[in-house]
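Enquirer: Here you go, one structure.
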Amino acid sequence: MNFDYTEEQTLLENMVTSFVRDDYDWDTRCSIVKTEEGWKEENWKKFAELGLLGVPFEEDHGGLGGEATDIMIVMEQFGKGLVVEPYMPSIILAGGLISKLGSADQKNSIIPEIISGDRRYVFAYAEPQSRFDLFDVKCSATLDGDNYTINGFKSVVFGAGMATHLIISVRTEGDQRSKSGITLFLVDIKSEGITLQNYPTIDEYRASEVVIENLSVSKENILGELGNSYEAIEEQVDLSTIAICSEAVGILQVLKDSTNDYCKNRKQFGQPISANQAIQHRLVDMMIEYEQAKSILYMAITADLNNPDERRKAASAAKARIGKAIKFVGENAIQLHGGMGVVDEYMISHFFKRATMIGILFGNVDFHMKRYIDLTQSNIQSINEEDGINLS
Amino acid sequence: MDTAFSSEDLKFQSDVREFISNNYPKELKDSIGAKRKTGKELSRDDLMTWHKILGKHNGWSAPGWPKQYGGAEFSPTQKYIFEQECARAECQYIMPFGVNMVGPVIYTFGNDEQKAKHLPGILSGDVFWCQGYSEPGSGSDLASLKTSAVKEGDHYVVNGQKTWTTLAQHADWIFCLVRTNPEAEKPQQGISFLLIDMKTPGITVRPIKLMDGSHEVNETWFDNVKVPVENLIGQENMGWTYAKFLLAHERSGIAGVARSKKALERIKQIASAEMSYGEPLIQDPAFKSKIANAELELNSLEYTELRTLAKDSAGKGPGPESSLLKIKGTDIQQMVTELAMEAVGYYANPHLGTTLSNEYVGPDYATNLSGSYFNFRKASIYGGSNEIQRNIIAKMVLGL
């Protein structure tokens, strides 16, 4: 048993670490988020050159065939740099759906283009009423000859402004909240009938509201089977959830370490504030939360993610537990930075904001606690008279 | 990353499981089970029988000891597996005072006579040890201890009082920190480590009753107790070094993950039998959420422990991170004992098995659960309070 990286994984980590250090220092990052586009296309090309865009894809299509650990390595380092390029939305989530559901033709034509950086897909799934329920889909399609006509509205689609294509979840049959009858469509983002309203998010990423009006899509652009996409959506969102948990662990490390350094350097009443036990114990509790978050992430990435129930449990356990750590470490990082914590100018608030938004993405603590409970706690258990509570 | 055990470790796991199922006496299980249900104290036999059985099997009573001293010399992973299997089977745990505490001090710092005299009895479980560290005025600030030992010819004369002496009522021997040089510059410098036979005249043991009514700990008084000089471990006034060494050993298995897991399973069983709002309590959203919360903490802690174990196996040593395991482990134990008490509603109230009540009321599973809750407030206090553990992490890990 070990938690070591393979040689290739260590190389991957070193590569992403040096990218963040050399090409993504704090000032560079700040200048990127102030631009109109909110990202730097050159960085995407660099990701392609480094092979990062191919990490989760099969080797047959030019990818690296990476697994949860490899994705964790990339996301954790991206977290430490608050990298705003839409890696998770495009490569992990949308890319994962295409790998999972694409026909041979679709995969052969699309995946190499994704890996080369020429195409970027993002997945438009959330709607104003759906909250975190992936099956709550009103956006609908009617069949007219060989083409579907799609109408609907998708909310807070991360990275849509940087995308070349969308994957849209559409109800082709059933009730608004039915798990069956959901179909995925691949569309060019410039298609007539798609209007984007782009905006920055509080954590300086970019998202869009997507209005879909009489969008005409041919049957050939269905991804996966008609009306039968829910399970794949849930699976890819679970894996993406674990990916953003990895990003969160990277961010938590920065929050914890920076706060530690700050408290050692900040002097009040003639001594560093870290000389106060009230501060020391808070820092220790932040460190414990960070370690516990990292541990449950390791539990998730080493779980049997091919088994649907194990995967669901792993994703929800990690997201719920890490969500709590985000709140504790994040809020205390700000508190211990005092006035420096609440200003825009100093980097700590940016890490706090990103971590907090990750806390909401794909479901907050309450949502994942409930899902975890539904997966684990509903069975009545018979009492074993021989047992007793024996902790001592 | 590979969280699977190696095939050798899996083989070891099945050997341990098989050994336990073939050798853990049913009468012992019944005796301990009945006493727990009725709130009665465990006897010395209850506490030591399993130790004695393990002592006859390849040194399994001393998993961490080197083979040369009769121990099992398990690898860190084997130790972990062994503890896990014992917890899973709900075996009575091995008293730590001999095997985990004084034993390693004796084989590391003791002389050949001391090793020959004491190690076999610790291994076999024939000799019951207790710990003489804390004093009424020396809790977390252990080095301020006052019990004195004055050398007179071929023996020391010991005077003073130790407290929180766990299970001293059963003990044959006590290892004590005593002050041999009251004039030393720093309080740590005048301390020595003495082994004392509990039958020596002048020793008095008085029970301290805990808030659940149990008798686990004692006051131990020393009134002109004569201790032969050959019972001094190592050098005079070097006791603090040995004491610190011992504290590092004390921490192994301190997270108690496997036992807390077992307890959570038990709570789910109880919550299936208890009713709330006309439905089994296990279906109550508020209660379910507390169980899930405890489970997530426990899952995280399990992986924190495995990470520590992996580091330890790679020879990097567990280090002060073990303070984290102590803090979180005892947090969870307290969470779990509270949930158990909460699960049984009104039947948390009856205090059974005392001299005032010989009648038993309520469901069997409810007996003494509130007692456990009250008893386990100790967990965040003993072994270095959780505040002291935070001080250790602040200093040793965070460099504050």
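The values are calculated or read from the model by the stated rules, or taken from the named source; none is laboratory data. None of these values were measured; they are calculated from a predicted model. Glycine also receives a Cβ, built like all others from the backbone with ideal geometry; neighbour counts cover every protein chain displayed.
Enquirer: Would you pick out the residues in region A:162-186 that are more than 16 Å from residue A:93 (Cα to Cα) and either aliphatic (A, V, I, L, M) or not in a strand (DSSP E or B) (or both)?
Expert: A:170, A:172, A:173, A:174, A:175, A:176, A:177, A:178, A:179, A:180, A:181, A:182
Enquirer: Restricting the first residue to region B:379-394 and requiring it to be in the same structural domain as residue B:255 (by TED's automatic domain parsing), which pairs with a second residue that is part of a loop (DSSP other than H, G, I, E, B) and polar (S, T, N, Q) meet a Cβ separation below 9 Å and a spacing of at least six or different chains?
Expert: As it stands, the answer is B:382/B:166; B:384/B:140; B:385/B:140; B:387/B:140; B:388/B:140; B:391/B:140, since those pairs meet every condition given.
Enquirer: Still on this structure, I have one more. Give me the pairs: first residue in region A:245-271 and within 24 Å of residue A:315 (Cα to Cα), second residue hydroxyl-bearing (Ser, Thr, Tyr) and crowded, with 16+ Cβ neighbours inside 10 Å, beta-carbon distance under 7 Å, and six or more apart or on different chains, which are they?
Expert: From region A:245-271, the pairs are A:252/A:290; A:253/A:290; A:256/A:290.
Enquirer: Let me ask something else. What residue, of A:74, A:156, is closer than 30 Å to residue A:256 by Cα and outside the structural domain of residue A:36 (by TED's automatic domain parsing)?
Expert: On the way: A:74 fails: outside the structural domain of residue A:36 (by TED's automatic domain parsing).
Answer to the check: A:156.
Enquirer: Something else now. Can we say residue A:314 is within 14 Å of another protein chain (Cβ to nearest Cβ), closer than 24 Å to residue B:322 by Cα and surrounded by 21 or more Cβ atoms within 10 Å (Cβ to Cβ)?
Expert: Considered against the rule, which asks whether it is within 14 Å of another protein chain (Cβ to nearest Cβ), closer than 24 Å to residue B:322 by Cα and surrounded by 21 or more Cβ atoms within 10 Å (Cβ to Cβ), residue A:314 comes out as no.
Enquirer: Can you spot a residue in region B:280-291 that is touching a residue at least 60 places away in the same chain (Cβ under 8 Å) and either more than 30 Å from residue B:3 (Cβ to Cβ) or in contact with a helix residue (DSSP H, G or I) (Cβ under 6 Å, 6 or more places away or on another chain) (or both)? Walk me through how you get there before you give the answer.
Expert: Just the residues of region B:280-291 that are touching a residue at least 60 places away in the same chain (Cβ under 8 Å), to begin with: B:281.
Next, only the ones that are either more than 30 Å from residue B:3 (Cβ to Cβ) or in contact with a helix residue (DSSP H, G or I) (Cβ under 6 Å, 6 or more places away or on another chain) (or both) stay: B:281.
There is at least one residue in region B:280-291 that is touching a residue at least 60 places away in the same chain (Cβ under 8 Å) and either more than 30 Å from residue B:3 (Cβ to Cβ) or in contact with a helix residue (DSSP H, G or I) (Cβ under 6 Å, 6 or more places away or on another chain) (or both).
Enquirer: Can you name every one of the strands (runs of 3 or more DSSP E) wholly within region B:170-274 that holds 2 or more residues which are crowded, with 21+ Cβ neighbours inside 10 Å and of a type outside the set (Asp, Glu)?
Expert: Details: elements: B:173-179, B:191-197, B:203-208, B:217-228.
Fully inside region B:170-274 and qualifying: B:173-179, B:191-197, B:217-228.
Enquirer: Follow-up question, since we're still on this one. Hey, does region A:79-94 have a residue that's touching a Cys at 6+ places or on another chain (Cβ under 9 Å) and either buried (at least 19 other Cβ atoms within 10 Å of the Cβ) or hydrophobic (A, V, I, L, M, F, W, C) (or both)? Working first, answer last.
Expert: Just the residues of region A:79-94 that are touching a Cys at 6+ places or on another chain (Cβ under 9 Å), to begin with: none.
No, region A:79-94 contains no residue that is touching a Cys at 6+ places or on another chain (Cβ under 9 Å) and either buried (at least 19 other Cβ atoms within 10 Å of the Cβ) or hydrophobic (A, V, I, L, M, F, W, C) (or both).
Enquirer: In region B:284-294, how many residues are more than 7 Å from chain A (Cβ to nearest Cβ) and in a helix (DSSP H, G or I)? It would help to see each step written out before you state the result.
Expert: Restricting attention to region B:284-294, the residues satisfying the condition of being more than 7 Å from chain A (Cβ to nearest Cβ) are B:284-287, B:290, B:293-294.
Checking the rest, the ones that are also in a helix (DSSP H, G or I) come to B:285-287, B:290, B:293-294.
Here the count works out to 6.
Enquirer: I would also like to ask the following. Checking residue B:28 against (1) surrounded by fewer than 18 Cβ atoms within 10 Å (Cβ to Cβ); (2) over 30 Å from residue B:351 (Cβ atoms), which test does it fail?
Expert: It is condition (2) that residue B:28 fails.
Enquirer: Of these, A:296, A:334, A:288, which one is closer than 19 Å to residue B:301 by Cα, free of Cβ contacts under 8 Å to residues at least 24 places away in the same chain, in a helix (DSSP H, G or I) and not assigned by TED's automatic domain parsing to the domain that holds residue A:68? Talk me through it step by step, then tell me what you get.
Expert: Numbers: A:296 fails: free of Cβ contacts under 8 Å to residues at least 24 places away in the same chain; A:334 fails: closer than 19 Å to residue B:301 by Cα.
Answer to the selection: A:288.
Rundown of residues vs (1) under 30 Å from residue A:291 (Cα atoms); (2) out of contact with any Gly (no Cβ under 7 Å at 6 or more places or on another chain), yes/no style:
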{"residue": "A:199", "(1), (2)": "no, yes"}
{"residue": "A:209", "(1), (2)": "no, yes"}
{"residue": "A:213", "(1), (2)": "no, no"}
{"residue": "A:220", "(1), (2)": "no, yes"}
{"residue": "A:245", "(1), (2)": "yes, yes"}
{"residue": "A:251", "(1), (2)": "yes, no"}
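Enquirer: Is one or more of the residues making up region B:308-328 modelled with pLDDT of 95 or more, in a helix (DSSP H, G or I) and within 30 Å of residue B:103 (Cα to Cα)? Break it down into steps so the answer makes sense when it comes.
Expert: First, pick out the residues of region B:308-328 that are modelled with pLDDT of 95 or more: B:327-328.
Okay, now just the ones that are also in a helix (DSSP H, G or I), so B:327-328.
Narrowing further to those that are within 30 Å of residue B:103 (Cα to Cα): B:327-328.
Yes: one or more hits.
Enquirer: Can you tell me which residue in region B:38-48 is surrounded by the most Cβ atoms within 10 Å (Cβ to Cβ), limited to those that are free of Cβ contacts under 8 Å to residues at least 60 places away in the same chain and not in a loop (DSSP other than H, G, I, E, B)? Walk me through it before giving the result.
Expert: Pass one, region B:38-48, residues free of Cβ contacts under 8 Å to residues at least 60 places away in the same chain: B:42-43, B:45-46.
Filter again for not in a loop (DSSP other than H, G, I, E, B), leaving B:45-46.
On the way: B:45: 11, B:46: 15.
That would be B:46.
Enquirer: Can you go through A:237, A:211, A:217 and tell me which one is touching a residue at least 12 places away in the same chain (Cβ under 8 Å) and within 17 Å of residue A:138 (Cα to Cα)? Quick ask: steps written out before the conclusion?
Expert: Numbers: A:237 fails: within 17 Å of residue A:138 (Cα to Cα); A:217 fails: within 17 Å of residue A:138 (Cα to Cα).
Going through A:237, A:211, A:217 in turn, just one is touching a residue at least 12 places away in the same chain (Cβ under 8 Å) and within 17 Å of residue A:138 (Cα to Cα): A:211.
Enquirer: Let me ask something additional. For residue B:114, work out the one condition from (1) more than 30 Å from residue B:188 (Cα to Cα); (2) at pLDDT 95 or above it doesn't fulfil.
Expert: Going through the list (1) more than 30 Å from residue B:188 (Cα to Cα); (2) at pLDDT 95 or above, residue B:114 breaks only (1).
Enquirer: Do you know which of the residues in region B:6-25 that are touching a Cys at 6+ places or on another chain (Cβ under 9 Å) and part of a helix (DSSP H, G or I) is surrounded by the fewest Cβ atoms within 10 Å (Cβ to Cβ)? Give the steps one after another, and end with the answer.
Expert: In the first step, residues of region B:6-25 are kept if they are touching a Cys at 6+ places or on another chain (Cβ under 9 Å); the result is B:16, B:20, B:24.
In the following step, the residues that additionally are part of a helix (DSSP H, G or I) were identified as B:16, B:20.
Working: B:16: 21, B:20: 19.
By that ranking, first place goes to B:20.
Enquirer: Mind listing whichever residues of region B:352-400 are among the aliphatic types (A, V, I, L, M) and either more than 10 Å from chain A (Cβ to nearest Cβ) or assigned to a helix (DSSP H, G or I) (or both)? Reasoning before the result, please.
Expert: Looking only at region B:352-400, we keep the residues that are among the aliphatic types (A, V, I, L, M), and these are B:352, B:356, B:361, B:366, B:369, B:379, B:381, B:388, B:392-394, B:396-398, B:400.
B:352, B:356, B:361, B:366, B:369, B:379, B:381, B:388, B:392, B:393, B:394, B:396 - these are the residues of region B:352-400 that are among the aliphatic types (A, V, I, L, M) and either more than 10 Å from chain A (Cβ to nearest Cβ) or assigned to a helix (DSSP H, G or I) (or both).
Enquirer: Only one of B:280, B:320, B:285 is surrounded by fewer than 21 Cβ atoms within 10 Å (Cβ to Cβ), assigned by TED's automatic domain parsing to the domain that holds residue B:392 and closer than 30 Å to residue B:394 by Cβ; which? Can you show your working first?
Expert: Values: B:280 fails: closer than 30 Å to residue B:394 by Cβ; B:285 fails: closer than 30 Å to residue B:394 by Cβ.
Just a single option satisfies the conditions, and that option is B:320.
Enquirer: Let me ask you something else. Scan region B:72-128 for residues that are among the charged types (D, E, K, R), on the phi < 0 side of the Ramachandran plot and part of a loop (DSSP other than H, G, I, E, B) and jot them down.
Expert: First, the residues of region B:72-128 that are among the charged types (D, E, K, R): B:73, B:79, B:83, B:85, B:88, B:90, B:112-113, B:115, B:117, B:126.
Applying the additional criterion that residues be on the phi < 0 side of the Ramachandran plot yields B:79, B:83, B:85, B:88, B:112-113, B:115, B:117, B:126.
Across region B:72-128, the qualifying residue is only B:126.
Enquirer: With the requirement that a residue be in contact with a Lys or Arg (Cβ under 7 Å, 6 or more places away or on another chain) and more than 10 Å from every other protein chain (Cβ to nearest Cβ), what does region A:274-311 give you?
Expert: Within region A:274-311, A:290, A:305 meet the criteria.
Enquirer: Report the residue count in region B:89-121 for those that are among the β-branched types (Val, Ile, Thr), under 15 Å from the mean Cα position of the chain (by Cα) and more than 14 Å from chain A (Cβ to nearest Cβ). Break it down into steps so the answer makes sense when it comes.
Expert: Residues of region B:89-121 among the β-branched types (Val, Ile, Thr): B:94, B:99, B:102, B:105-106, B:108.
Remaining after also requiring under 15 Å from the mean Cα position of the chain (by Cα): B:94, B:99, B:102.
When the remaining residues are screened for being more than 14 Å from chain A (Cβ to nearest Cβ), the result is B:99, B:102.
Qualifying residue count, region B:89-121: 2.
Enquirer: Which of the residues spanning region A:224-242 are in contact with a strand residue (DSSP E or B) (Cβ under 9 Å, 6 or more places away or on another chain) and within 11 Å of residue A:182 (Cα to Cα)?
Expert: Residues satisfying the conditions are A:224, A:225, A:226, A:227, A:228, A:229, A:230, A:232, A:233.
Enquirer: Just name the residue that is nearest to residue A:1 (Cα to Cα) out of those in region B:299-324 that are in contact (Cβ under 8 Å) with a residue 24 or more places away in the chain and more than 10 Å from chain A (Cβ to nearest Cβ).
Expert: Selected residue: B:312.
Enquirer: Here's a follow-up. Kindly provide the set of residues from region B:12-40 that are away from chain A (no Cβ under 11 Å) and either under 22 Å from residue B:303 (Cα atoms) or touching a helix residue (DSSP H, G or I) at 6+ places or on another chain (Cβ under 7 Å) (or both), ordered by number.
Expert: B:12, B:13, B:14, B:16, B:17, B:20, B:23, B:24, B:25, B:28, B:31, B:39, listed by residue number.
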